[in-house]
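Undergrad: Below is a structure I'd like to ask you about.
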Amino acid sequence: MIAIGSDHAGFELKREVMKHLEELGLQYKDYGTYSAESCDYPDFGEAVGRAVVSGECERGILICGTGIGIGMAANKIHGVRCATCSDCFSADMARRHNNANILAFGARVVGGGLALMLVDTFLGTEFEGGRHAIRVDKIMSLENKYK
Ligand code: RB5
């Protein structure tokens with residue numbers, strides 16, 4: 001199950017992404033927003049982050065205007081590793097090296113075509129583990145060190 005969420009700026013692109021996931025036969029849960037009315041992106045970063053760290057969903061996708069604010073909000077939740085990406089190399093490496101569990105991108109930054117490629121790359125790439133696992137563990141230990 002994939003958790004997906006956006007604010008108003010990402011609402012239309014989120015619909016495109018959900019359609020794409022349906023075409024791929026992938027299950028998702030939409031955590032809002034549910035209209036183009038102005039709203040606050042941290043609410044949706046939080047909802048998707050919680051869904052992922054609780055184990056309800058394996059991965060998450062977040063969209064706001066830039067992908068930055070919603071990703072920052074998600075990363076405040078212990079266990080979230082959200083990567084804001086606007087190129088496929090970064091989306092690939094966010095999985096391979098950083099074991100990112102949430103992808104964020106900006107509807108005002110990327111077009112629909114690139115957005116779907118980012119999603120495909122993120123969902124289709126596995127974490128390499130090994131030396132990268134040691135580094136990711138160090139990232140996660142910062143949550144306790146600076147709480
Ligand atoms: C909303 O105008 C905009 O600030 C938001 O979508 C996002 O880009 C914030 O990081």
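Each value in this text was obtained by applying a stated rule to the coordinates, not by laboratory testing. Just so we're clear, the structure is a prediction, and the values are computed from it rather than from any experiment. Please note: Cβ atoms are built from the backbone with ideal geometry, for glycine as well, and neighbour counts cover all protein chains shown.
Undergrad: Estimate the FRET efficiency between Lys147 and Ser54 by the formula 1/(1 + (r/R0)^6), using the beta-carbon distance for r and 25 Å for R0, to the nearest 0.05.
TA: Numbers: r = 19 Å, r/R0 = 0.75.
That gives a FRET efficiency of 0.85.
Undergrad: Over the chain, with a single point scatterer placed on each C-alpha, what log10 of the ratio I(q)/I(0) does the Debye formula yield at q = 0.13, 0.15, 0.18 1/Å?
TA: Relative scattering, expressed as log10 I(q)/I(0), comes to -0.50, -0.67, -0.97.
Undergrad: To continue, here is another question. First measure r as the distance between the Cβ atoms of Ile134 and Arg96, then evaluate 1/(1 + (r/R0)^6) with R0 = 22 Å and state the FRET efficiency to the nearest 0.05. Spell out each step's value before the answer.
TA: Details: r = 15 Å, r/R0 = 0.66.
It comes out at approximately 0.90.
Undergrad: Charges on Cβ only, +1 for Lys and Arg, -1 for Asp and Glu, centred on the Cα centroid of the chain; of Phe127, Ala51, Ala36, which one is farthest towards the dipole's positive end?
TA: Phe127
Undergrad: Please identify the GluC sites (Glu not before Pro) of the range 1-54 that satisfy two criteria: DSSP loop assignment and at most 14 other Cβ atoms within 10 Å. Which are they? Can you show the working numbers first?
TA: Numbers: sites: Glu12, Glu16, Glu22, Glu23, Glu37, Glu46; in loops: Glu37.
The qualifying sites are Glu37.
Undergrad: Still on this structure, please answer the following. Please give, to one decimal in nm, the separation of the simple spin-label points placed at Tyr34 and Leu114, each 7 Å out from Cα toward the Cβ.
TA: 3.2 nm
Undergrad: Quick check on the chain: of the DSSP beta bridges with both residues there, what percent are antiparallel, nearest 5%?
TA: Working: 0 of 16 bridges.
Of the beta bridges lying entirely in the chain, close to 0 percent run antiparallel.
Undergrad: Output the 0 to 90 degree angle, nearest 10, between the alpha-carbon long axis of helix 11-23 and the longest principal axis computed from the alpha carbons of the chain.
TA: For helix 11-23, the angle is close to 80 degrees.
Undergrad: Same structure, new question: Gap in Å between the Cα centre of the range 113-147 and the Cα centre of the range 7-34?
TA: Taking the Cα centre of the range 113-147 as reference, the centre of the range 7-34 is 22 Å away.
Undergrad: Sticking with this structure for a sec: Which order do the peptides 88-95, 115-122, 128-135 come out in when sorted by mean C-beta neighbours inside 10 angstrom, highest first?
TA: Details: 88-95: 18.9, 115-122: 21.0, 128-135: 11.2.
Taking the mean over residues of other Cβ atoms within 10 Å, the ranking is 115-122, 88-95, 128-135.
Undergrad: Compute the long axis of helix 131-145 from its Cα atoms, compare it with the longest principal axis of the Cα atoms of the chain, and write down the angle in degrees, 0 to 90, nearest 10.
TA: Compared with the principal axis, the helix lies near 80 degrees.
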